[in-house]
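Following: one structure in structure tokens, then a few remarks.
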Amino acid sequence: MSQSTLVYDIRNSRYLNITGRCTLRCQFCPKHNGSKQIHEYQLALDHQPKADEIIPLLGDVTRFEEYVFCGYGEPTLNLTTLIEVATEIKRQGGKVRINTDGLGNLFHRRNILPELAPVVDALSISLNADTEETYLRHCKPKLKGAYQAVNEFITLAPEYIDKVQVSAIDGLEGVDIERCEAIVTAAKAQFKHRYLGVMG
């Protein structure tokens, strides 16, 4: 039996770790610095969990402010599990947020926002850079056209999801935080100012 951490709690939220795969290789991510840990939780996965592994671990939805698809990889890469689990959380009256790099549409080669909209209350999207050059340097995307794709996703997302928050990290060399904020505001999303080295 796998000892992978599939759910973990931070403050009043339950986090759901549904994939170890990612579309980025961010140089500031702990897993590229030899760590498999967020807070006290080991998050490396040895397989892509299915919904029937996650749903029994949801617990009492009334105890948590929200359920956050986050963990160690990009949750939209395990889209079937994400949607099935989110559907169950909503059925029980819970709130759902996804932490995403905003590359789900590029990866799946279609707009996934209409599939997310019925079961997702909030999106937290990582923009991380105000130019393609700094994005490529810090985030090292595996897919071509990633910076354009994340910007398109940020522009589209508020049409489908009520609460869209977009973050950038203060402390990454060459990144202009004020310009990042202007990009986010223009897309009618909420900006979150994050700081290098502060996780969770």
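Nothing in this text is a laboratory measurement; each read-out follows from the coordinates by a stated rule. Computed from a predicted model, the values in this text were never measured in an experiment. Here the Cβ is made from the backbone with ideal geometry for all residues, glycine too, and neighbour counts use every protein chain on show.
What does the charge count near A51 come to, summing +1 for each Lys or Arg and -1 for each Asp or Glu among other residues with Cβ under 14 Å from its Cβ? Spelling it out: positives minus negatives among the neighbours equals -1. Coordinate range of the alpha-carbon atoms in the range 137-200 per principal axis, descending: 31, 26, 23 Å.
Taking a temperature of 4 °C and a viscosity of 1.567 mPa s, what whole-number D in µm²/s does Stokes-Einstein yield for the range 53-125 with Rh from Kirkwood over alpha carbon pairs?
Values: Rh = 12.5 Å.
Approximately 104 µm²/s, per Stokes-Einstein.
Placing pseudo-labels 7 Å out from each Cα toward the beta carbon at E132 and L156 gives an inter-label distance of 1.8 nm. Annotation: amide H-H contacts under 5 Å for K95 (H modelled 1.01 Å from N, sequence separation of 5 or more, or interchain): Y67. Spin-label pair Q27-E65: with each label point 7 Å from Cα along the Cα-Cβ axis, the two points sit 3.3 nm from one another.
Per the Kirkwood treatment, what hydrodynamic radius in Å, one decimal, follows for the chain from the mean inverse distance over all distinct Cα pairs?
Numbers: mean 1/r = 0.0587 Å⁻¹.
Averaging 1/r across every pair of different Cα atoms and inverting gives 17.0 Å.
Relative to the Cα centre, the charge distribution of the chain, modelled as +1 at Lys and Arg Cβ and -1 at Asp and Glu Cβ, gives a dipole magnitude of about 300 debye. Between Q92 and L143, the modelled label-to-label distance comes to 3.0 nm, taking each label 7 Å out from Cα in the direction of the beta carbon. A dipole drawn for the chain from +1 and -1 charges on Cβ atoms has a positive end, and of Y160, N128, L106 the residue lying farthest that way is L106. For the range 17-24, putting each phi into the Karplus relation 6.51 cos²θ - 1.76 cosθ + 1.60 with θ = phi - 60° gives couplings of 9, 10, 7, x, 7, 8, 8, 10 Hz, in residue order, rounded to whole numbers and with x for Gly and Pro.
Each Cα pair under 8 Å and six or more residues apart adds its sequence gap; the mean of these over the residue count of the range 50-200 is a relative contact order of 20 percent.
Can you tell me the convex hull volume per residue for the range 85-195, based on C-alpha atoms, in Å³ to the nearest whole number?
97
With 0.36 nm allotted per residue and the present C-alpha distance subtracted, the D52-I177 stretch has 40.9 nm of extension available.
Give me the percent relative contact order of the range 145-200, please, defined on Cα pairs under 8 angstrom at least 6 residues apart.
Numbers: 51 pairs, mean separation 22.2, N = 56.
Once normalised by length, the contact order is 40 percent.
Close amide-amide hydrogen proximity is noted between D9 and Y15, each under 5 Å apart and 5 or more residues distant or on a separate chain (H modeled in the peptide plane; Pro and chain starts excluded). Note: relative contact order over the range 65-124, using C-alpha pairs below 8 Å and six or more positions apart, is 40 percent.
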